[in-house]
Structure formats: structure tokens, C-alpha cells
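J.: Below is the structure I would like to discuss, written out as C-alpha cells.
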Amino acid sequence: MEQRLTNTENKMQRKLMRMSGAGLACIPLLLAGCGEMNVKKYLPFGSDTVEARSRTPVNATEYQCAAGKRFYVRTLDGGAGVWLILPEREVRLDKLGSGSRYSNGIAVLEINGNEATLQDGATSSFSGCKAASSP
């Protein structure tokens with residue numbers, strides 16, 4: 001008889017578990033009908049705030065020019081060359097002579113202190129360029 005009560009109790013427990021599981025599954029549906037539910041605030045990685053990321057490449061100097069143009073320069077090999085980073089491409093320019101002029105045969109970059117001029121081919125030029133101040 002004791003064994004039979006145990007089986008009956010087990011059946012009742014399983015039935016209660018199924019009913020409670022079904023009840024828990026219905027809670028989100030009931031809450032959704034109550035009004036606006038912002039799920040993002042309950043997610044550990046969801047957020048409406050967006051972190052501002054720096055657009056300046058690592059170890060590069062930003063030059064801001066006339067007409068809203070800009071480019072970045074990263075010094076290579078102790079000044080023997082520079083990596084020129086333009087919005088549409090990146091190129092290496094080698095140092096010309098003992099001054100601060102760099103070229104790859106097409107583009108010519110001249111740096112004088114915080115100012116720079118870039119002639120990129122026959123049509124594109126960047127003038128009035130100044131190194132952006134660090135934040």
C-alpha cells in the first residue's frame with residue numbers, strides 16, 4: 001500500500017510540474033498584452049547607448065584639410081617612409097632626400113611641422129592641411 005501511495009504522489013508531482021511549466025510559458029504572453037515591454041533593458045548585452053569609437057588609426061596622425069578633406073599618416077621605419085591612409089585606399093610613400101617629402105611616384109606628401117600638402121596624381125590635391133590636435 002505504501003508503494004502505491006508513492007506512485008500516486010509521483011504522478012501528482014509530475015502533473016503539477018507540467019501545469020506550472022505551462023503557466024510559466026504563458027507569463028510573457030500575458031505581460032506583452034499589458035503594454036510596451038522593452039526587452040533590451042533585460043538583456044545583458046543590449047543597450048541603446050552607442051560608444052563613440054575613434055576613427056583615427058592606431059599610431060597615425062590625422063590631417064584635416066580645406067573643403068572637409070582629411071587623411072592619416074603613420075611613420076614607418078624610423079621616418080624612412082610613411083603609410084598614407086586615405087578614405088578610399090592606403091599606400092606607402094618613401095622618403096625623398098633629406099627633407100620631409102614622401103612619394104610613390106604618383107602621390108607626393110610634404111610635411112612641414114603641423115602642416116602638410118598632398119598632391120595625389122594630376123587631379124586630386126589636399127591643401128591647407130593641419131595636424132588635428134589630440135583629445
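J.: Within segment 25-40, can one find any residue that is at pLDDT below 95, surrounded by 10 or more Cβ atoms within 10 Å (Cβ to Cβ) and under 25 Å from Thr117 (Cβ atoms)?
T.: Scanning segment 25-40, I find no residue that is at pLDDT below 95, surrounded by 10 or more Cβ atoms within 10 Å (Cβ to Cβ) and under 25 Å from Thr117 (Cβ atoms), so the answer is no.
J.: Among the residues of segment 102-135, which ones are free of Cβ contacts under 8 Å to residues at least 24 places away in the same chain and over 16 Å from Thr61 (Cβ atoms)?
T.: Of everything in segment 102-135, those that are free of Cβ contacts under 8 Å to residues at least 24 places away in the same chain and over 16 Å from Thr61 (Cβ atoms) turn out to be Ser103, Asn104, Gly105, Ile106, Ala107, Val108, Gln119, Gly121, Ala122, Thr123, Ser124, Ser125.
J.: Counting just the residues of segment 69-109 that are assigned to a loop (DSSP other than H, G, I, E, B) and surrounded by 13 or more Cβ atoms within 10 Å (Cβ to Cβ), which one comes out modelled with the highest pLDDT?
T.: Filtering segment 69-109 for residues that are assigned to a loop (DSSP other than H, G, I, E, B) and surrounded by 13 or more Cβ atoms within 10 Å (Cβ to Cβ), the one modelled with the highest pLDDT comes out as Asn104.
The values are calculated or read from the model by the stated rules, or taken from the named source; none is laboratory data. None of these values were measured; they are calculated from a predicted model. Heads up, the Cβs are rebuilt from the backbone with ideal geometry, glycines too, and the neighbour counts pull from every protein chain shown.
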